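I have placed the structure first, in the form of structure tokens, so that the comments after it can refer back to it.
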Amino acid sequence: MAERFLHSLSDWVWQDRLWFPAGLGWADLKDRDGLVFAKGSDLWVIFPIAVCFLIIRQIFERTVAVKLASLLRVREKPRVRAAPNTTLEFYFCNASKFPSQSSVEELTKQSGCSVRQVQRWFRRRRNQERPSQIKKFREASWRFTFYLLAFIAGLGALIDKPWFYDMEEMWNGFPTLPLLPSQYWYYMIELGFYISLLFSVATDVKRKDFKEQIVHHVATILLISFSWLVNYIRAGTLIMLVHDASDYLLESAKMFNYAEWRKTCNYIFILFAAVFILTRLVILPFWILHTTWVYPLTIYPPFFGFYFFNGLLLVLQCLHIFWAVLILRMAIKFLPGNVRIHKPKHSLNPKPQLNLVINHTCLNRSLHSPHRAMTTWNSIPIQVTEASSKIRF
């Protein structure tokens, strides 16, 4: 009985009229005459690929990233550790890391410490759990390496394709578009990478936009998988390439920030902001989204798959707008005219000190921007000091 119900449910979910224009269906995507088409069974390979990415990442971060951090002189700032206190440690681990005022007063009675000592202890204990500069640098260098290689590979796979220059070509012959080997590997590697990001999210550095990152990763995986199933592959490769175009710039800016290369970080971030705005707020909505939303209606009547695909794209576009606002706010503050000069009252250094506090929006892939869509974005406070040449995330 249950088996019959599941079979009927599957037949209803995957019926032709939901996912294809009238008169077309799954039968049109069967291999024939030497032509190979995308199949749902192909997606099982993304899970072993994701595991391979996790293994490669561990090796990369422990070898290449560590040597690169040493080369760029990434240093850890000394941290004052909280003194051992079983009462406060128990509360910190089991109740809250941010005790209320009433809880602080109660803890002073139990631990024999003053209110100021309890507050200082919790501040130092929280600081101990902050991720180290080396850990953040290793994560950024891993994502930088993948995003850069993915962008180069994607560009190489699309540069000679007609739909790269004329996007209406992505619908020429739909849905019977034969699968190319370059498209197959581009899809599987991108999907495997985003799956690996979901697997590692528990151990990665937690950012302020953690929830937005999860939504981005899930929407990206659904979008790429769905475009594969219904053979929207030409549109999918263009969307992935657009997301890959800026993600590696963000990760490189973060790497130089952790290495305290202030000017290099600033210049790269401004370049990243320009590329992000161009690709995700101009090319994606006005070229690609127009070709997936408006142009198909001149060829086929709308169907559920059409709305589902474009709905996922709109979710990603909303995230892009959210991140673009944060990026622009930060990029504007990087401009020379917006730097405020402040000379400390009790400074023996005659050189003025520049204090610049910014909310740094970082993307973590992958359409994860898509980035990689597919990229992890977050709001991080930065302090730039000319006298000490330090930038703090």
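Couple of notes before you dig in:
- Put a dot 7 Å past the Cα of residue 127, heading toward its Cβ, do the same for residue 71, and the two dots end up 3.3 nm apart.
- Protein accessible area in segment 165-280, 1.4 Å probe - carbon and sulfur %: 68 percent
- Derived scalar couplings between HN and Hα for segment 316-325 equal 4, 5, 5, 5, 4, 5, 4, 6, 4, 4 Hz in order, rounded to whole Hz, by the Karplus curve 6.51 cos²θ - 1.76 cosθ + 1.60 (θ = phi - 60°), x for Gly and Pro.
- Size of electric dipole in segment 175-235: Cβ of Lys, Arg +1 and of Asp, Glu -1, about Cα centre, debye, nearest 20: 120 debye
- Taking the accessible area of segment 1-58, probe 1.4 Å, and keeping the other protein chains in place, the carbon and sulfur fraction comes to 68%.
- The packing ranking of peptides 47-53, 267-273, highest mean first, is 267-273, 47-53, where packing means the average number of other beta carbon atoms within 10 angstrom of each residue.
- Sequence of 160, 33 when ordered by accessible area, the most exposed leading, probe 1.4 angstrom: 33, 160
- Whole-Å distance, taken between Cα centres, linking segment 20-56 and segment 100-141: 50 Å
- Listed peptides 314-323, 3-12 by packing density, highest first (mean Cβ within 10 Å): 314-323, 3-12
- The slack in the chain from residue 307 to residue 148, taken as 0.36 nm per residue of separation less the alpha-carbon distance, amounts to 54.1 nm.
- Excluding ligands, DNA and RNA, the accessible surface per residue across segment 103-246 is 41 Å² with a 1.4 Å probe.
- Distance between the pseudo-spin-label points of residue 93 and residue 35 (7 Å out from Cα toward the beta carbon): 6.3 nm.
- Extreme residue, positive dipole direction of segment 203-286, given options 218, 239, 264 (C-beta unit charges): 264
- Under 13 Å from the residue 81 label point (7 Å along Cα→beta-carbon), backbone N, segment 103-143: 125, 128-129
- Cβ-based net charge around residue 30, under 15 Å, with every Lys or Arg adding one and every Asp or Glu removing one: -3
- Relative to one another, the C-alpha centroids of segment 1-19 and segment 249-266 are positioned 51 Å apart.
The values are calculated or read from the model by the stated rules, or taken from the named source; none is laboratory data. Fair warning: this is a prediction, and the values are worked out from it, not measured in the lab. No Cβ is skipped: glycine too gets one built from the backbone with ideal geometry, and neighbour counts run over all protein chains shown. All accessible areas refer to the heavy atoms of the entire protein, side chains included, with ligands and DNA or RNA removed. Shrake-Rupley method; radii C 1.70, N 1.55, O 1.52, S 1.80 Å.
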